[in-house]
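**Q** Structure provided below as C-alpha cells; questions to follow.
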Amino acid sequence: MVGSARFIVNAVRHSLLPARQPGVSRRQSWRRRLRLLLRVGSLVLAIGLSKLLVHHLGLEVITINPLFSALVASTVFLLGFLLNGVLSDFKESEKLPAEIATCLQTLQLEIAAIPLHQPGSDVGRHGRAVAELGREILRWLHSDLSTEQLRLTHSRCHTVVVEASTLHRSSTLQGRLMAEMAALLRMINRIDTIRETRFVPLVYWLALASITLLCGGLVFSVSEAINEAFFFVCVIAFLLIFLLHLIDDLDNPFGNADPDSSEDVSLALLQTVVAEIESRGDALVS
C-alpha cells in the first residue's frame with residue numbers, strides 16, 4: 001500500500017515538474033508537452049463531435065460484437081510492440097551522451113598528462129582539438145551541424161591526437177588514445193543511425209490503420225446512451241492516439257532541436273564535460 005502511494009506521488013511529481021532539457025527552460029518543456037496534449041486533444045474532440053453528429057443523423061450502422069473486441073486487442077498489441085521496441089532504443093540512447101563525455105574527458109586527461117612523462121612537451125594545440133570536437137558534437141546533437149562536417153572534425157582531431165601520442169614513446173598511451181577516438185566515432189555513427197532509422201515503419205502504418213478503423217467503428221457503432229458513448233469514444237481515442245504520438249516521439253531520442261519533440265535524452269552531463277575540457281584546454285595553453 002505504501003509502495004503504491006509512493007508510486008502515485010512520484011508519477012504526479014514527474015508529470016507536474018518534468019525534467020528540464022539542457023538549453024530549454026522549464027516553461028519551454030511545459031509548452032512542448034502541452035502542445036502535444038493540445039494536438040491530441042483537438043483530434044480527439046473532432047472524433048467525439050463526429051460521434052455526436054453521426055448519432056444525430058442516425059448513421060450508426062455498426063453493432064458491437066466480439067470481433068470488435070478482437071480489433072481493440074490487436075491494436076493494443078501493435079502499440080505495445082512498438083512501445084517496447086522504441087523504449088529499448090531509448091534506454092540505449094540514454095547511455096551514449098555519458099559515454100561520449102567519458103571519452104572526451106579521458107582524451108583530455110591523457111593528453112594533459114603527457115608533459116608529466118615528457119617534460120617540455122607542448123600539448124596546448126592537442127587539448128584545444130579535443131575541446132573543439134566536444135563543441136562540434138554538441139552542435140551536431142542540436143542539429144546545428146551536419147554529420148559529414150562532424151566526421152571531418154573527428155578526422156582532424158584524430159590526426160592531432162596521433163601527433164600527441166608521438167610526444168611520449170609509450171605504445172600503451174598510443175593504444176589508449178586511438179581506442180578512445182575509435183569509440184567516439186562508433187558512438188557518433190550509432191547516434192546517426194538511431195536518428196535516421198524509424199522502428200519498423202510498416203508496423204507504424206499498420207497501427208495507424210488499426211487506430212483509424214477502430215475510431216471509425218466507434219463513431220458509427222450503435223449506441224443507446226449517447227453520453228456514455230461519447231465518453232468512451234473520447235477516452236479510447238485519446239489513449240490510442242496519444243500513445244502513438246508518444247511512440248513517434250520516443251523513436252528519435254536525439255530530437256533536442258525539434259520544438260515538437262517533448263521526450264529526449266539529457267545532454268546536461270555532456271555539456272558540463274565540454275565546458276570543463278574547454279577550460280582545461282585553455283589552461284594547457286597558458
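**Q** Of all residues in region 122-131, how many are surrounded by 15 or more Cβ atoms within 10 Å (Cβ to Cβ) and outside any helix (DSSP H, G or I)?
**A** 1
**Q** Whether any residue in region 58-76 is crowded, with 17+ Cβ neighbours inside 10 Å, touching a residue at least 12 places away in the same chain (Cβ under 8 Å) and closer than 17 Å to residue 211 by Cα is what I want to check.
**A** yes
**Q** Among the residues of region 183-207, count how many are outside any helix (DSSP H, G or I) and surrounded by fewer than 16 Cβ atoms within 10 Å (Cβ to Cβ).
**A** Taking region 183-207 first, the residues outside any helix (DSSP H, G or I) are 197-200.
Checking which are surrounded by fewer than 16 Cβ atoms within 10 Å (Cβ to Cβ) leaves us with 197-198, 200.
Qualifying residue count for the region: 3.
**Q** Can I ask one more? Here is a list of conditions, (1) hydroxyl-bearing (Ser, Thr, Tyr); (2) closer than 29 Å to residue 204 by Cβ; (3) modelled with pLDDT of 85 or more, and residue 69 meets all of them except one; can you say which number that is?
**A** Going through (1) hydroxyl-bearing (Ser, Thr, Tyr); (2) closer than 29 Å to residue 204 by Cβ; (3) modelled with pLDDT of 85 or more one by one, residue 69 breaks only (3).
**Q** Please specify each residue of region 132-182 satisfying the condition of being open to solvent by less than 50 Å² (accessible area, probe 1.4 Å), closer than 20 Å to residue 117 by Cα and of a type in the set (Ser, Thr, Tyr).
**A** 165, 170
**Q** Looking only at region 213-237, count how many residues are in contact with a strand residue (DSSP E or B) (Cβ under 9 Å, 6 or more places away or on another chain) and open to solvent by 50 Å² or more (accessible area, probe 1.4 Å).
**A** The total comes to 2.
**Q** Looking at (1) among the hydroxyl-bearing types (Ser, Thr, Tyr); (2) in contact with a helix residue (DSSP H, G or I) (Cβ under 7 Å, 6 or more places away or on another chain); (3) open to solvent by 50 Å² or more (accessible area, probe 1.4 Å), which is the only condition residue 262 fails?
**A** Every condition holds for residue 262 apart from (3).
**Q** Right, next: Yes or no: residue 210 among the polar types (S, T, N, Q), open to solvent by less than 60 Å² (accessible area, probe 1.4 Å) and part of a helix (DSSP H, G or I)?
**A** yes
**Q** I would also like to ask the following. Condition first: open to solvent by 80 Å² or more (accessible area, probe 1.4 Å) and either among the basic types (Lys, Arg) or more than 28 Å from the chain's Cα centre (by Cα) (or both). Now tell me which residues in region 32-53 satisfy that.
**A** 35, 39, 45, 49, 53, listed by residue number.
**Q** Please list, ordered by first then second residue, the pairs with beta carbon atoms under 7 Å, 6 or more apart or interchain, first in region 179-197 and modelled with pLDDT under 90, second open to solvent by 40 Å² or more (accessible area, probe 1.4 Å).
**A** So the pair list comes out as 194/89; 195/252.
**Q** Would you point out the residue of region 84-97, among those that are at pLDDT below 90 and open to solvent by 40 Å² or more (accessible area, probe 1.4 Å), that is farthest from the chain's Cα centre (by Cα)?
**A** 84
**Q** Turning to a different aspect of this structure: Just give me the residues in region 142-178 being of a type outside the set (A, V, I, L, M), touching a helix residue (DSSP H, G or I) at 6+ places or on another chain (Cβ under 8 Å) and in a helix (DSSP H, G or I), in sequence order.
**A** Within region 142-178, 147, 149, 151, 153, 154, 156, 157, 158, 163, 165, 174, 176 meet the criteria.
**Q** Within the set of pairs 6+ apart or on separate chains, which have a first residue in region 114-143 that is over 14 Å from residue 156 (Cα atoms), a second that is at pLDDT below 90 and among the hydroxyl-bearing types (Ser, Thr, Tyr), and C-beta atoms under 6 Å apart?
**A** As it stands, the answer is 114/121; 115/121, since those pairs meet every condition given.
The values are calculated or read from the model by the stated rules, or taken from the named source; none is laboratory data. From a predicted model like this one, the values you see are computed outputs, not experimental measurements. Note that each Cβ is placed from the backbone with ideal geometry, even for glycine, and that neighbours are counted across all protein chains shown. When the accessible area is computed, the model is the full protein with side chains, heavy atoms only, and any ligands, DNA or RNA have been set aside. Shrake-Rupley method; radii C 1.70, N 1.55, O 1.52, S 1.80 Å.
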